[in-house]
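First up is the structure itself, then whatever we jot down about it.
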Amino acid sequence: MTKHKTKRSAQGYTWEGVAVHAYKAEGQAPFKAVTRQVLFEGEGLAAQWRYFEVAPGGYTTLERHQHVHAVMVIRGQGHCLIGEEIHPIGLFDLVWVPPLTWHQFQATADEPLGFLCLVNAERDPPQLPSENDLAELRRKPHIAKFIRV
Ligand code: MN
């Protein structure tokens, strides 16, 4: 990123010249209706700062990894699974995802859920739950009810 300032686009949660990508390649991992924009990255910054938007009724991949996420919700509301806890999340809430902790974000049915997410630039790839992991997670009824895979 060489620009010093990037304007927000006229409509919505996009920025001029910032590409809106699919969250992940289709078929790579289970998710529904999520976009990804990289706001800041590059030389001198050991992090990557992204904006994700989950469409109404959508969800991010249930995954875990060694790297952490520092999240701030800036649009809408929803719920997230962090480890064994499910939290309602809304505007300007902060969410911390520790290392190797299962996590999934879901939007409410009526509006998009948008959040900023800070990660290390160099990071390990996400792990998806194995059948054993899923069975373990599903032992807790509140988790069984929540997760989308
Ligand atoms: Mn993750």
Excluding ligands and nucleic acids, what accessible area in Å² is computed for Ile86 using a 1.4 Å probe, to the nearest 10?
50 Å²
Go ahead and set up a Gaussian network model of the chain, Cα springs under 10 Å, then flag whichever of Thr61, Thr108, Thr14 fluctuates most.
Thr14
Mean residue ellipticity at 222 nm from the helices of the chain, using -39,500 (n - 2.57) per DSSP H segment of n ≥ 4 over the full residue count, to the nearest 500 deg cm²/dmol?
-2500 deg cm²/dmol
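Under a 1.4 Å probe, what is the accessible area of the chain per residue, stated in Å²? Walk me through the numbers on the way to the answer.
Details: 8610 Å² over 149 residues.
That works out to 58 Å² per residue.
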Of all the accessible heavy-atom surface of segment 98-146, with the other protein chains kept in place and a 1.4 Å probe, what percent is carbon and sulfur?
54 percent
Aspartates and glutamates within cross-link reach of Lys7: Cα-Cα under 17 Å, excluding same-chain residues under 8 positions apart?
Glu16, Glu41
Whole-Å semi-axes of the chain's equivalent ellipsoid (Cα gyration tensor)
26, 18, 13
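The values are calculated or read from the model by the stated rules, or taken from the named source; none is laboratory data. All values reported here derive from a predicted model rather than from experimental measurement. These area figures cover heavy atoms from the full protein model, side chains too; ligands, DNA and RNA do not enter into them. Shrake-Rupley method; radii C 1.70, N 1.55, O 1.52, S 1.80 Å.
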